[in-house]
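Taking it in order: structure first as structure tokens, then the write-up.
What follows is calculated from the coordinates using simple rules that are stated; it is not laboratory data. It should be emphasised that the depicted structure is a prediction, and the values quoted were computed from it without experimental measurement. Counting neighbours? That spans all protein chains shown, and the Cβs are built from the backbone with ideal geometry, glycine included.
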Amino acid sequence: MIRDKDQFYRIQRLPPYVFVEVNELKAQLRRDGMDIIDFGFGNPDMPTPRHIVDKLIETVQKPRTTGYSASRGIRGLRRACSRYYKRRFGVDLDPDTEVVATIGSKEGFANLAQAITAPGDVVYAPDPSYPLHAYGFVIAGAEIQPIPAITADEYLGGIKAALSRTEKPPMAIVVCFPSNPTGHIADLSFYREIVQVARDHDIIILSDLAYSEIYFSSAPPSILQVEGAKEVAVETISLSKTYAMAGWRMGFAVGAPYLIEALARVKSYLDYGAFTPIQVAACAALDGPQECVLDHRMTYRTRRDVLIESFGRADWDIPSPDASMFVWAPLPERFREMGSLQFSKLLMTKAAVAVSAGVGFGENGEGYVRIALVENEQRIRQAARNIRQFFSTLRENAAE
């Protein structure tokens, strides 16, 4: 019997991945020789800092470091993570009970969903948001209740309204600020309120803080700065964007000991942790010179400013984000009826500019596209010229 992938329970619960359609078009256009300026994928383009690479090279040459590692992460790395939290947020973490090293924050988040979710559990997830925030739980068998979340205040208000209408609260609430895709941040008052909501209703909070170091105004806080948060919350954090280490796949889950232990137990069945030399190099990232963090932040700030200014001159007005490596752009008015997916495809074929359709981040993402700040200033300005020419041609055709 020939089986079809769509017969499997978990595959049936996953909708078609919106980004696949755009990526296939991008690949075809590149095969045809088109130079696509690609803002679609949040893949940092700057090199990993030299001192981190040097530590990897040094460590990988030691034979005893190339065997199986520890699924929880080597203790030196967990201690380095604890020092980072103390230095950055003023939060004390026990490296043995409140920290697990993960193979990127995405793996940690997905495995935590597997660890704590039973079929039929309800989870509140922000909409729009990074797809894993909802579908990590969907894969585990949960039911997702999306809550509008363009801003932190909108999300908090939506959570309170949803709780007032239900007799059974959710088992978990997902939080992601600075937000992927919107770039909005949350302040400590938001975290205080949502921790209180969680404590009042016996709800777990999963906070994604992947963009903790990419900010352009005030530094984003951690939920663990709130008193009592460690009783209800786990936070995932990543080195991918902070240190341009996306392909290294190194992150952490920190917080409530019982949730950290649940994650560690699941991971013990699934993996042996990240490659030890990568973990040692991650220690060098967290404990070493931090000028690279500021350099990366300033690079993203400059790119943000160039993009907002040059796209504005091309007749596409876009709000400036407070944080993250993304710009959340409303569709130009003349294109709003066609929707974000069709606009993304049109922009690629007519202006050689690739962006991510907002609808891929949830229903409330419709009407927007996400633009990743992963092209240099020259390429950003070229994209703006391409877009201006595309818009101008449309106006000329409409006038005929």
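With all pairs of separate Cα atoms included, segment 50-287 yields a Kirkwood hydrodynamic radius of 18.0 Å.
Ranked by the mean number of other Cβ atoms within 10 Å of their residues, highest first, the peptides 104-113, 194-203 fall in the order 104-113, 194-203.
Under a straight-distance cross-link criterion of Cα-Cα below 13 Å, which aspartates and glutamates are reachable from Lys350, leaving out those fewer than 8 residues away in the same chain? Straight-line reach from Lys350, under 13 Å: Asp35. Equivalent ellipsoid of segment 1-134: semi-axes from √(5λ) of the C-alpha gyration tensor, largest first, are 34, 26, 18 Å.
Counting helices only, and only those DSSP H runs with n ≥ 4, report the 222 nm mean residue ellipticity of the chain as the sum of -39,500 (n - 2.57) divided by its residues, in deg cm²/dmol to the nearest 500.
My calculation for the chain gives -14000 deg cm²/dmol from helical runs alone.
Dipole orientation for the chain: of the candidates Gln290, Phe190, Ile52, Ile52 has the Cα lying most toward the positive pole (charges on Cβ; Lys, Arg +1; Asp, Glu -1). Highest mobility in the GNM of the chain, judged by mean-square fluctuation with C-alpha springs under 10 Å and restricted to Pro277, Pro63, Pro181, is found for Pro63.
For segment 365-388, the residues whose amide N sits under 16 Å from a probe point set 7 Å from the Cα of Thr302 along the beta carbon direction are 373-382. The modelled label-to-label distance for the pair Asp35/Arg50, using points 7 Å beyond Cα in the direction of Cβ, is 3.0 nm. May I ask you to list the residues of segment 186-223 whose amide nitrogen lies under 16 Å from a point 7 Å from Cα along the Cα→beta-carbon direction of Lys160? Of the residues in segment 186-223, 187-201 have backbone N under 16 Å from the label point off Lys160. FRET efficiency for the pair Ala118 and Glu396, taken as 1/(1 + (r/R0)^6) with r the Cβ-Cβ distance and R0 = 51 Å, rounds to 0.30.
When only the Cβ of Lys, Arg, Asp and Glu is charged (+1, +1, -1, -1), the dipole of the chain relative to its Cα centre reaches about 1060 debye. Here the gap between Asp315 and Leu25, fully extended at 0.36 nm per residue and compared with their Cα-Cα distance, gives a gain of 101.9 nm. When +1 charges are put on Lys and Arg Cβ atoms and -1 charges on Asp and Glu Cβ atoms, the dipole computed for segment 187-263 relative to its Cα centre reaches about 300 debye. Packing here is the average count of other Cβ atoms within 10 Å per residue, and on that basis the peptides 294-305, 229-240, highest first, run 229-240, 294-305. Annotation: peptides 85-97, 355-367, ranked by per-residue average of other Cβ atoms within 10 Å with the highest first, follow the order 355-367, 85-97.
For Lys160, the aspartates and glutamates whose Cα comes closer than 13 Å to its Cα, not counting residues fewer than 8 places off in the same chain, are Glu193, Asp200. The calculated pair-distance distribution of the chain uses every alpha carbon pair, bins of 10 angstrom beginning at 0, and gives 5, 22, 30, 26, 14, 3, 0, 0 percent. Relative to the longest principal axis of the chain, what angle (0 to 90°, nearest 10) does the C-alpha long axis of helix 188-201 take? Tilt relative to the chain: about 60 degrees. Per residue, the convex hull spanned by the Cα atoms of segment 244-373 measures out at 173 cubic angstrom. Of Thr66, Leu224, Phe390, whose Cα points farthest to the positive end of the dipole of the chain (charges on the beta-carbon: +1 Lys, Arg; -1 Asp, Glu; origin at the Cα centre)? The residue sitting farthest along the positive end of the dipole is Thr66.
Using 0.36 nm per residue and subtracting the Cα-Cα separation, the extra length available between Tyr258 and Gln225 on full extension is 10.0 nm.
Between Thr276, Ile203, Gly157, whose Cα lies farthest towards the positive end of the dipole of the chain when Lys and Arg beta carbons carry +1 and Asp and Glu beta carbons carry -1, centred on the Cα centre? Positive-end residue among those listed: Thr276.
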